[in-house]
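Have a look at the structure below before the remarks.
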Amino acid sequence: MLVDYFPYNNNQGKRSGYSIGISIPEIFLHLCIWGLIIEEAVEFGIHYHQQKKSTSHIRTIISSYFLDDRWNILDAIAIYIYLVGFITRFIVIEQAFVISKICMCIDLFLWYVRILHLFFAYERLGPKLSMIFNTMKDLAFFIYFIFVFLVAYSISSFALITTPHLIRWIPNENGAPSRTYNIIQNRTDFSAWSLLRNVIDWGVWKIYGQVDLIEYRQVSEATLTVAGDAYGNSAFVLTIIFVCISNVLLLNVLVALFNITLTKTNINAQKDWGYHRFLLVREYSRKSPIPSPLNILYYIIQLVVTLIRFLGKKKDDVYALLDDSSKLDANVMNLIVFNVDNRVISAGTVDKILINFCTAPTDLNAKIKVYIIKPVLSGSEHFSVQEQMESFVTNLRPSVGIQKFEIKPFKVLDGDYVGFKFTENTGCPFSIECASYYVEHNIDQNIETRYHQSDTISTA
């Protein structure tokens with residue numbers, strides 16, 4: 001698509017056989033990118049709501065969003081470059097089109113690099129990717145050193161080899177030192193990009209072993225011949241010194257640093273891979289179940305359904321997170337409580353519940369009511385009680401600590417929460433700050449999975 005990237009059609013031309021501004025494949029590509037942008041916006045919204053519980057400073061929330069997952073930095077850069085290219089795409093001016101195509105090409109490069117994120121899902125590729133990232137830190141220090149030698153060599157040697165092409169001395173007939181000369185090129189435009197590119201291009205390839213000093217083709221297609229005079233010989237000596245330092249000394253030091261880094265990384269490679277794989281799975285568990293650009297329709301439908309549910313509910317049926325200033329401690333009597341950070345991840349049946357009591361139940365005939373909770377809007381801090389189950393937690397024992405209860409099985413769906421209401425004399429859970437609810441979740445009646453809930457509880 002980028003090869004056939006033409007200016008916006010404003011002269012009644014044809015794109016994909018129709019009189020449209022841009023081609024159909026490009027329209028599809030833009031929809032895909034906007035789907036990814038919406039995904040990132042939703043992800044940031046979830047992060048914002050979670051961090052807002054602990055801090056109100058927007059700068060802290062934004063910085064933690066990028067520092068917790070460095071891939072978000074690449075996402076932000078790619079999205080910014082895309083927006084610049086997308087806006088200038090519809091401006092039919094030569095300079096705007098140049099900016100648009102350059103931005104789109106750079107953006108494509110960044111999105112391809114972003115695919116490396118998926119490698120963390122594979123046990124063989126994940127540790128290798130961690131090793132590559134760690135060795136890139138050594139490469140950054142190497143670039144600092146090599147840049148100093150590169151600038152010193154490139155400017156000095158290029159100034160020498162270009163001197164015969166700028167000044168011509170007129171020899172005397174008797175062989176005496178010449179005192180007259182002609183200036184072949186009256187001035188050099190030091191601000192020109194071509195001069196800077198020629199200087200860098202002359203020296204940078206020497207790092208990789210290309211030491212041809214006979215002829216050099218400049219950006220202007222003019223061939224620069226290195227003569228065997230004093231200028232050329234001096235440049236030859238400088239080239240030998242530079243190649244010895246960069247290609248022999250510094251590159252071998254870099255290889256040695258790589259070896260040390262890889263040895264250290266390999267020790268904890270499996271643990272690092274497991275951690276990054278967890279972050280990857282957690283990230284995609286929060287995204288839409290369908291890929292871009294269909295996720296745009298998914299979020300539109302989800303928004304409409306959520307608004308319908310929200311408008312159809314009474315205000316008293318909507319439950320929000322406890323404010324940080326609430327001093328409830330462990331007193332959650334007659335409040336519906338659940339763990340907002342641990343939703344049901346797959347549909348199944350709940351038939352066993354474990355509760356860690358900090359205060360013992362006093363009425364052994366009392367019942368703890370069970371509810372199904374659903375979020376009002378995906379990623380929001382508002383929830384609604386869908387229904388009270390016929391299942392009750394009974395057979396309470398007058399003791400603190402973890403107690404296991406078998407209840408009447410009930411169905412739960414992906415994204416639901418299991419809530420509880422502790423009535424009078426039923427005791428209280430361990431604490432608001434450190435809940436210890438466990439739900440044994442049977443999948444297909446054969447697989448039993450235990451969910452550990454250990455963070456802030458939501459109540460009404």
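Among the residues of segment 38-50, are any in contact (Cβ under 8 Å) with a residue 12 or more places away in the chain and surrounded by fewer than 12 Cβ atoms within 10 Å (Cβ to Cβ)? No, that holds for no residue. Counting only residues that are assigned to a helix (DSSP H, G or I) and among the acidic types (Asp, Glu), segment 63-85 holds 2 of them.
Cβ separations smaller than 9 Å between residues 6+ apart or across chains give the following pairs from segment 106-130 residues that are open to solvent by 80 Å² or more (accessible area, probe 1.4 Å) to residues that are charged (D, E, K, R): 122/277; 123/277. Scanning segment 67-85 for residues that are open to solvent by less than 80 Å² (accessible area, probe 1.4 Å) and not charged (D, E, K, R) yields 71, 72, 73, 74, 76, 78, 79, 81, 82, 83, 84, 85.
Only one of the listed residues (88, 60) is assigned to a helix (DSSP H, G or I) and surrounded by 17 or more Cβ atoms within 10 Å (Cβ to Cβ). That residue is 88. Within segment 264-293, count every residue that is at pLDDT below 80, part of a loop (DSSP other than H, G, I, E, B) and hydroxyl-bearing (Ser, Thr, Tyr). Residues meeting the conditions: 0. Give the residue that is nearest to residue 255 (Cα to Cα), with candidates limited to residues of segment 142-182 that are touching a residue at least 12 places away in the same chain (Cβ under 8 Å), assigned to a helix (DSSP H, G or I) and open to solvent by 70 Å² or more (accessible area, probe 1.4 Å). Among residues in segment 142-182 that are touching a residue at least 12 places away in the same chain (Cβ under 8 Å), assigned to a helix (DSSP H, G or I) and open to solvent by 70 Å² or more (accessible area, probe 1.4 Å), the one nearest to residue 255 (Cα to Cα) is 145. Restrict the check to segment 428-436 and report whether at least one residue is among the hydrophobic types (A, V, I, L, M, F, W, C), in a loop (DSSP other than H, G, I, E, B), modelled with pLDDT under 75 and open to solvent by less than 10 Å² (accessible area, probe 1.4 Å). Yes, there is a match, as at least one residue in segment 428-436 is among the hydrophobic types (A, V, I, L, M, F, W, C), in a loop (DSSP other than H, G, I, E, B), modelled with pLDDT under 75 and open to solvent by less than 10 Å² (accessible area, probe 1.4 Å). For residue 300, are the conditions met, namely being more than 30 Å from residue 43 (Cβ to Cβ) and at pLDDT 85 or above? The answer is no for residue 300. The residues of segment 257-284 that are more than 30 Å from residue 44 (Cα to Cα) and open to solvent by less than 50 Å² (accessible area, probe 1.4 Å), listed by number, are 261, 265.
The values are calculated or read from the model by the stated rules, or taken from the named source; none is laboratory data. Computed from a predicted model, the values in this text were never measured in an experiment. FYI the Cβ positions are ideal-geometry reconstructions off the backbone, even for glycines, and counts take in every protein chain you see. The area values use the complete protein model at the heavy-atom level, side chains included, leaving out ligands, DNA and RNA. Shrake-Rupley method; radii C 1.70, N 1.55, O 1.52, S 1.80 Å.
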